[in-house]
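J.: Please see the structure below; I have some questions.
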Amino acid sequence: DPTLESAVVAALVETHELRRAASRATCRDFVELARCFAAEATARREALEATQKRKAAGLRELARARGEVAAMQGELAAQNKALEAQEASARDQLEKMVADQQAAEAKQARGKQLSAELALKGGDIASRKKAAEEELAQAEPALLSARKAVQGIKKTQLDELRSLRNPPIQAKRTLEAVAVILGALPVQRDYSWDDVRKAARQSDFIKRVVEFNPRDMGEAAAKAVRDRYLSPSAAYLDRLNAKERETKGEDAPEIVALDFEAANRSSAAAGPLVLWAGSQLDYVEIERKVEPLQKEVEALEAATKTTRDEVATLEREMAELEKSVKGYKEAYATAVRAAEKIKNDMASGKVKADRAARLLASLADEQGRWAAEADAYPDEAR
């Protein structure tokens, strides 16, 4: 500060002048005076700086101690909160595990009950399926025998029948039934001989009959052949014969249910075809009776397997749940012990924190004085 320096120089000069007026003072004396003044100023500045450093260090220590106390209190509070959450979670998990175990036991009991019910029902369905399969096995030889008989039909026999302008009624009805089964004729009220003959004149007629698969027969076709040709009701035959007499007169041959003897008498080709038609219907009816049973058995077997798998899964889950419950119990016990330890540590830490807080409170006035003196230091240093 130039002003301060000028004042110091002026004071030294004035002091020197006063000394010289009172006694003989030399230039050496003035230099010594200046040196002593500088030494005293330096010593005082160093003392002030040392005092300032001690006060600043003390203030820093107080601030650090206050921060440590706050951190300790915050840490203890956080630990206490975390501990409470851990205990609540452990209790919640324990309750869930117990509930899940009870649910698994209930499901296991239900699964066993369901398995027993399915076993009983499955046994009933299996016995019915076996009976139907036995019927199917009995029908299959007739099917093969009829197919072989059809293969024995000579082309000349079939050609002779197809060439007739007015065939025997049983022969015509036999070809009608066969054509309906093959799908060569649609299911309708009646057929003209031209329609039937056209269907039977196809070059592969016998080949189609021999290679026909009963599963390809439509439901409507099967019902029509059964109800109109192979097993017609008396009322249906009465209506049919009445119409036949109206058309051909009272001496028209009586129409009866198709059978081998009547058909074979009307045409050597018709007899084997009647056997074939009957065997096709018998086989397909038995097969269609077996099919839903088979599907039901398969569904029951799948359901039983699913139930058994579910039971096995529940048993595994139950074992895992029991293990989990045990683990959670141990974890809960550990948490309780840890809680007690933390509580003890918190109590000890609280004592230390309270003691430090009281010490800081007692030093509050001293801290204020130190802070004020530290703020005044620049002025004192000047």
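J.: Being farther than 28 Å from residue 354 by Cα and either surrounded by 12 or more Cβ atoms within 10 Å (Cβ to Cβ) or in contact with a Phe, Trp or Tyr (Cβ under 7 Å, 6 or more places away or on another chain) (or both) is true for just one of 72, 97. Which residue is that? Break it down stepwise before answering.
T.: On the way: 72 fails: farther than 28 Å from residue 354 by Cα.
None of the other options fit; the residue is 97.
J.: Only residues that are open to solvent by 50 Å² or more (accessible area, probe 1.4 Å), within 59 Å of the chain's Cα centre (by Cα) and in contact (Cβ under 8 Å) with a residue 40 or more places away in the chain: list them for region 135-184, please.
T.: If the condition is that a residue be open to solvent by 50 Å² or more (accessible area, probe 1.4 Å), within 59 Å of the chain's Cα centre (by Cα) and in contact (Cβ under 8 Å) with a residue 40 or more places away in the chain, then 135, 140, 142, 145, 147, 151 are the ones that fit.
J.: Another question about this same structure. Test residue 49 against the criterion of being touching a residue at least 24 places away in the same chain (Cβ under 8 Å) and either at positive phi or open to solvent by 60 Å² or more (accessible area, probe 1.4 Å) (or both), and give yes or no. Talk me through it step by step, then tell me what you get.
T.: On the way: touching a residue at least 24 places away in the same chain (Cβ under 8 Å): yes; either at positive phi or open to solvent by 60 Å² or more (accessible area, probe 1.4 Å) (or both): yes.
Yes: the conditions hold for residue 49.
J.: Considering 116, 199, 137, which residue is in a helix (DSSP H, G or I) and closer than 24 Å to residue 291 by Cβ?
T.: So the residue among 116, 199, 137 that is in a helix (DSSP H, G or I) and closer than 24 Å to residue 291 by Cβ is 137.
J.: Of the residues that make up region 55-63, is at least one touching a residue at least 24 places away in the same chain (Cβ under 8 Å) and open to solvent by 60 Å² or more (accessible area, probe 1.4 Å)?
T.: Here is the first cut: in region 55-63, the residues touching a residue at least 24 places away in the same chain (Cβ under 8 Å) are 55-56, 58-59, 62.
Add one more test, that the residue is open to solvent by 60 Å² or more (accessible area, probe 1.4 Å), and what stays is none.
Scanning region 55-63 turns up no residue that is touching a residue at least 24 places away in the same chain (Cβ under 8 Å) and open to solvent by 60 Å² or more (accessible area, probe 1.4 Å).
J.: Here are 238, 282: which of them is surrounded by 21 or more Cβ atoms within 10 Å (Cβ to Cβ) and charged (D, E, K, R)?
T.: Details: 238 fails: surrounded by 21 or more Cβ atoms within 10 Å (Cβ to Cβ).
Sole residue among the options that is surrounded by 21 or more Cβ atoms within 10 Å (Cβ to Cβ) and charged (D, E, K, R): 282.
J.: Got at least one residue in region 260-271 being of a type in the set (Ser, Thr, Tyr) and modelled with pLDDT of 85 or more? First the steps, then the outcome.
T.: Going through region 260-271, the residues of a type in the set (Ser, Thr, Tyr) turn out to be 266-267.
Adding the requirement that they be modelled with pLDDT of 85 or more leaves 266-267.
Yes - at least one qualifying residue is present in region 260-271.
J.: Criterion first (at negative phi, open to solvent by less than 30 Å² (accessible area, probe 1.4 Å) and touching a residue at least 40 places away in the same chain (Cβ under 8 Å)) does residue 199 satisfy it? Outline the logic, then answer.
T.: Values: at negative phi: yes; open to solvent by less than 30 Å² (accessible area, probe 1.4 Å): yes; touching a residue at least 40 places away in the same chain (Cβ under 8 Å): no.
Considered against the rule, which asks whether it is at negative phi, open to solvent by less than 30 Å² (accessible area, probe 1.4 Å) and touching a residue at least 40 places away in the same chain (Cβ under 8 Å), residue 199 comes out as no.
J.: Now, a different point. Restricted to region 295-316, and to residues that are touching a residue at least 12 places away in the same chain (Cβ under 8 Å) and among the acidic types (Asp, Glu), which residue is most open to solvent (accessible area, probe 1.4 Å)? Let's see the steps before the verdict.
T.: Filtering region 295-316 for residues touching a residue at least 12 places away in the same chain (Cβ under 8 Å) gives 296-297, 300-301, 303-304, 307-308, 310-311, 314-315.
Keeping just the survivors that are among the acidic types (Asp, Glu) gives 296, 301, 310, 315.
Numbers: 296: 65, 301: 114, 310: 93, 315: 85 Å².
Here the answer is 301.
The values are calculated or read from the model by the stated rules, or taken from the named source; none is laboratory data. None of the values given here were measured: they were computed from a predicted structure. All Cβ positions, glycine included, derive from the backbone under ideal geometry; neighbour counts span all protein chains shown. The area values use the complete protein model at the heavy-atom level, side chains included, leaving out ligands, DNA and RNA. Shrake-Rupley method; radii C 1.70, N 1.55, O 1.52, S 1.80 Å.
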